1. Within region 111-127, how many residues are touching a strand residue (DSSP E or B) at 6+ places or on another chain (Cβ under 9 Å) and farther than 11 Å from Phe70 by Cα?
2. Give me the pairs: first residue in region 95-121 and among the aliphatic types (A, V, I, L, M), second residue open to solvent by 40 Å² or more (accessible area, probe 1.4 Å) and not in a helix (DSSP H, G or I), beta-carbon distance under 8 Å, and six or more apart or on different chains, which are they?
3. Are any of the residues in region 45-63 at pLDDT 90 or above and not hydrophobic (A, V, I, L, M, F, W, C)?
4. Go through (1) of a type outside the set (Gly, Ala, Ser); (2) open to solvent by 60 Å² or more (accessible area, probe 1.4 Å); (3) modelled with pLDDT of 80 or more one by one and return the number of the condition Arg67 breaks.
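The values are calculated or read from the model by the stated rules, or taken from the named source; none is laboratory data. The structure displayed is predicted, hence computed values, not measured ones. All Cβ positions, glycine included, derive from the backbone under ideal geometry; neighbour counts span all protein chains shown. The accessibility values were calculated without ligands, DNA or RNA, using every heavy atom of the protein model including side chains. Shrake-Rupley method; radii C 1.70, N 1.55, O 1.52, S 1.80 Å.
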Amino acid sequence: MAWGLETRVPFLDHEVVELAARIPADLKVRDGGKYILKEASRGVVPDAVIDRPKGYFPVPALKYNPRVFFDFVRDVLDAPAARQRGVFNRAYVDRLLADPEGELTPKGHSKLWQIALLGCWLQTQGI
């Protein structure tokens, strides 16, 4: 087996993804979501873990991009690896870089900052 992303993130294994695609949607979202995954995990993962309330792990949010953060954001998104990766629409990234506070998320945070954090994570993971 090649040591790719699927070895670190089992839910991205192509066989798991293909199986999940064949499962009817009503089984995936029943009883508040992830029903089939939770049921398949019972007996392997403690019920206390399966049934705990959903946690919230927000992206560190910025509404405004102070110069030090803006320089970091620009460096991450303008890096050759980021451009070659092609994950983001370059015209949209350029528009955000031209007006960093021009487009905010529905919660009022910087879209530019959020895509830069994703870009930084992808770079750190060697993706």
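1. 1
2. Listed by first residue and then by second, the contacts come to Leu96/Gly102; Leu96/Glu103; Leu104/Lys63; Leu112/Glu103; Ile115/Phe88; Leu117/Val59; Leu117/Pro60; Leu118/Val87.
3. So far as region 45-63 goes, yes, one or more of its residues are at pLDDT 90 or above and not hydrophobic (A, V, I, L, M, F, W, C).
4. Going through the list (1) of a type outside the set (Gly, Ala, Ser); (2) open to solvent by 60 Å² or more (accessible area, probe 1.4 Å); (3) modelled with pLDDT of 80 or more, Arg67 breaks only (3).
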